[in-house]
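The values are calculated or read from the model by the stated rules, or taken from the named source; none is laboratory data. Nothing here was measured: the structure is a model prediction, and the numbers come from that model. Cβ atoms come from the backbone with ideal geometry, glycine included; neighbour counts cover every protein chain shown. With ligands, DNA and RNA removed, areas are computed over all heavy atoms of the protein, side chains included. Shrake-Rupley method; radii C 1.70, N 1.55, O 1.52, S 1.80 Å.
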Amino acid sequence: MNGKLILTLDGEIINEYPIEEESLTIGRKHGNEVQLNDLTISGRHALIIAQGKQTYIEDLGSTNGTLLNGSHIKSAILKHGDIIQTGHHQFTFLCEGQAKYETTMFVMAEQDETKMVLPEWESREESIESQPLAGLRTLNGPLARTVMELRKPFNTVGFQGQKLALISRGLEGYNICAVPCNQDHQGTGVSLLNNEPLGSTPQNLKTSDIINIAGFEVEFFLID
């Protein structure tokens, strides 16, 4: 076996796929080894190729492209911990014999529950589509380099089911604030922004800002 792919959606582990054959296809249509019900994914989206000790990924001319650690690629060699983004789904590539993953290593980003009661939600969602897209890149732990896109107007970032911070995307960029009721609850500690405690007042996020969520350090960056 040349390793495995861990499939996640919004931080939740969906499935894992051992790479046991020479190739494995990812796409929306029947016939792919990994078939995903995601309209942002092409019928045949990407190809995983195992040759000797190397594993490669190749984009198959997909409409929305394939991202590797936050950057669009045509083809690339995969390394342990690399994050592949196809549509709304992410794959973490783990090499055989390397450090095992734990489900709690995946820092989650999810749609905030307040979405349905916010006024003019649809117009806000449409208006920010033309704004620069940002993401979070995990800096420490066995799954360092994990990339999480912040496409939604409101994203909650948490750990083990607890919502610890809220990241908002608007016309003026991104900002972040703590979710006070969950700070320092059950040993998660206080969330930090550039080594300073994160408060309930929104703060603007800038490229290379470092956020510490339950001991996981993530870097805020703009996606090319």
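So how far apart, in nm, are the two label points at residue 76 and residue 37 if each is 7 Å from Cα heading toward Cβ?
Computed distance between label sites residue 76 and residue 37 equals 3.0 nm.
Around residue 90, with a cut-off of 10 angstrom between Cβ atoms, what is the net charge of the other residues, counting Lys and Arg +1 and Asp and Glu -1?
-2
Could you derive backbone 3J(HN,Hα) for segment 85-95 from the dihedral phi with the Karplus parameters 6.51, -1.76 and 1.60 (θ = phi - 60°), listing whole Hz in sequence and x where the residue is Gly or Pro?
10, 10, x, 8, 9, 10, 10, 9, 8, 10, 7
Could you list, in their original order, any pairs among 53/74; 74/152; 29/74 whose Cα atoms are separated by more than 23 Å?
Violating the 23 Å limit, Cα to Cα: 74/152.
Taking the Cβ-Cβ separation of residue 14 and residue 172 as r and a Förster radius of 25 Å, what is the calculated FRET efficiency to the nearest 0.05?
0.15
Share of segment 1-61's accessible area from carbon and sulfur, percent, 1.4 Å?
Ligands and nucleic acids excluded, carbon and sulfur reach 43 percent.
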